[in-house]
Amino acid sequence: LPRILSGMQPTSDSLHLGNYLGALVNWVKLQDDFDAFYFVADLHALTVPTDPAVLRHRTRVTAAQFLAGGVDPERSAVFCQSHVTEHAELGWVMNCLTAFGEASRMTQFKDKTAKGQNANVGLFTYPMLMAADILMYDAAYVPVGEDQRQHLEITRDLAERFNTRFGEALVVPEPYIVKGAAKIMDLQDPTSKMSKTGSSPKGLIDLMEDPAKIAKNIRSAVTDTDAEVRYDPETKAGVSNLLVIHSILSGTPVEEVAASFAGRGYGDLKKEVAEVVVESLTPFQQRMTELLADPAELDRILATGADRAREVASTTMARVRDRVGLLPSV
Ligand code: ATP
Ligand code: MG
C-alpha cells in the first residue's frame, strides 16, 4: 500500500469539529487504502508556550481522540513526533535549505502572529519541520486540509531542491484531496477557520464539550441579516458553515440540506445542526472516557507506533546524512 502521513498538534485540551470533519474522519477512511502514519505533533506544539504537565495531558488526549475517532492502531502507526528524534534532525536540514524570504511568505505564520500569538522562531520555522515530518516517511500522499496547502507546497519545493542538489533521495509528496473534505469555519468569525489556538471558546465546537454547551455555541453562531437558508460561502459564510457541518455529519449533499430548510428560519437550522452534532459526538465521547481510563495502554500503543515509525525514519535519516555530507559516526 502507498504510504500516507498526517498529524495534529496537542495545542488544546481537545480537538475541535474542524479537526474532526476536516481531518480525522478522513484519516479513518484512508486506512483502507493506505499504509497510514498518524502522529501527535508535540514538537510543533512547543511553538505555543505551555505548562509541561498540560502538554503531557494534551498529548495523551490527542492520541486518544485519534483512536476514539476510529483510527485503528493495529493497522496504522499512531505515535508522538518527539519519540522519533529524527524529525528534529531532518527539520534542521530543511531549515538550511529554506530561504529566509520564502519562510517569511508563509500565511499561517502571518495569520497567527496577526491574531496576537506571540511568535517565536519555532513558529517561523514550523513549515520546515512539517516538511521533515512528511519527507521522513517517503509519503506518497499527504491528506492536508485547505489550511495546510501552502505548507505542502513548500514541502514539495524542499524535496525537489534536496534531490536536485544532493541527488534523488526524497519522495515528492502529492496532496491527497479527500472528496468532500471541508474547511470548518469559526462560529463567531465565519471568515476564519476554526482553530485550536485562534478561535475563542464560543467560536469552536470542542469534541469533548457537553451537549448543552455545544447547542448554546451553535445557537449563538454568527449568521447574517437576511433570513434565507442558502448555501453561499461568499456572502453567507456563517449559514454556509452550519450547512456544511450538517451535510457531512448527516451524509446529505449540502444543497439538499439547504433545500430542506426552505421557508424556515435560522433558529430551526441551528437547532437541527446542534442535534446532528451532538448525536455524532456522543459515542465519540463515550470511547474517550474508556480510553483515558487506561493511560498505560495508551502509552503502550504510542510506543509500538513509535517503533514502527523509527524503522522508516532511521533509514531516511541515514540516507540524508550521507547525501549532505555529514560524517558517519563509527
Ligand atoms: P492550531 O490552531 O494549533 O494550528 P488547528 O486547529 O489548526 O490548531 P492542527 O493541529 O494545526 O489544528 O491541524 C490538525 C488537522 O486538522 C490538519 O489536518 C488541519 O488541516 C485540520 N484542520 C484544522 N483546522 C481545520 C478546520 N477549521 N477545518 C478543517 N480542517 C481543519
Ligand atoms: Mg493549524
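Some observations on this one:
- Residue match in region 148-167 (condition: among the aliphatic types (A, V, I, L, M), touching a strand residue (DSSP E or B) at 6+ places or on another chain (Cβ under 6 Å), at negative phi and within 16 Å of ligand 2 (Cβ to nearest atom)): yes
- Where strands (runs of 3 or more DSSP E) fall entirely within region 1-108, those with at least 1 residues that are among the charged types (D, E, K, R) and more than 16 Å from ligand 2 (Cβ to nearest atom) are at 3-8, 35-40.
- Hits in region 82-112 (condition: of a type in the set (S, T, N, Q) and under 30 Å from Glu311 (Cβ atoms)): Ser82, Thr85, Asn95, Thr98
- Residue check: Lys213 meets all listed conditions (1) open to solvent by 70 Å² or more (accessible area, probe 1.4 Å); (2) of a type outside the set (Gly, Ala, Ser); (3) within 15 Å of Ala259 (Cα to Cα) but one, namely (3).
- Close pairs from region 258-273: first on the phi < 0 side of the Ramachandran plot and modelled with pLDDT of 95 or more, partner assigned to a helix (DSSP H, G or I) and open to solvent by 70 Å² or more (accessible area, probe 1.4 Å), Cβ under 6 Å, at least 6 apart: Lys270/Arg219
Listed here are the residues, each with its yes/no results for (1) more than 22 Å from Arg323 (Cα to Cα); (2) open to solvent by 10 Å² or more (accessible area, probe 1.4 Å); (3) touching a Ser or Thr at 6+ places or on another chain (Cβ under 6 Å).
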{"residue": "Phe124", "(1), (2), (3)": "yes, yes, no"}
{"residue": "Val142", "(1), (2), (3)": "yes, no, no"}
{"residue": "Gly145", "(1), (2), (3)": "yes, yes, no"}
{"residue": "Pro173", "(1), (2), (3)": "no, no, no"}
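- Of all residues making up region 197-213, the number that are within 16 Å of ligand 2 (Cβ to nearest atom) and in a helix (DSSP H, G or I): 1
- Residue in region 10-38 that is surrounded by the fewest Cβ atoms within 10 Å (Cβ to Cβ), counting only those that are away from ligand 1 (no atom under 11 Å from the Cβ) and more than 27 Å from Ser250 (Cα to Cα): Asp35
- Of the helices (runs of 4 or more DSSP H) lying entirely inside region 115-191, those containing at least 2 residues that are in contact with a helix residue (DSSP H, G or I) (Cβ under 8 Å, 6 or more places away or on another chain) and within 20 Å of Phe37 (Cα to Cα) span 126-135, 149-166.
- Scanning region 174-210 for residues that are under 30 Å from Met136 (Cα atoms), free of Cβ contacts under 8 Å to residues at least 40 places away in the same chain and not aliphatic (A, V, I, L, M) yields a total of 3.
- Once region 94-109 is narrowed to residues that are away from ligand 1 (no atom under 16 Å from the Cβ) and open to solvent by less than 20 Å² (accessible area, probe 1.4 Å), the residue that is farthest from Asp138 (Cα to Cα) is Ala103.
- Enumeration of residues in region 81-124 that are over 19 Å from the mean Cα position of the chain (by Cα), polar (S, T, N, Q) and at pLDDT 95 or above: Thr85, Asn95, Thr98
- Identity of the residue in region 39-54, more than 8 Å from ligand 1 (Cβ to nearest atom) and surrounded by fewer than 20 Cβ atoms within 10 Å (Cβ to Cβ), that ends up nearest to the chain's Cα centre (by Cα): Leu46
The values are calculated or read from the model by the stated rules, or taken from the named source; none is laboratory data. Since the structure is predicted, the reported quantities are computational estimates derived from the model, not experimental observations. We place every Cβ from the backbone using ideal geometry, glycine too, and count neighbours over all the protein chains shown. When the accessible area is computed, the model is the full protein with side chains, heavy atoms only, and any ligands, DNA or RNA have been set aside. Shrake-Rupley method; radii C 1.70, N 1.55, O 1.52, S 1.80 Å.
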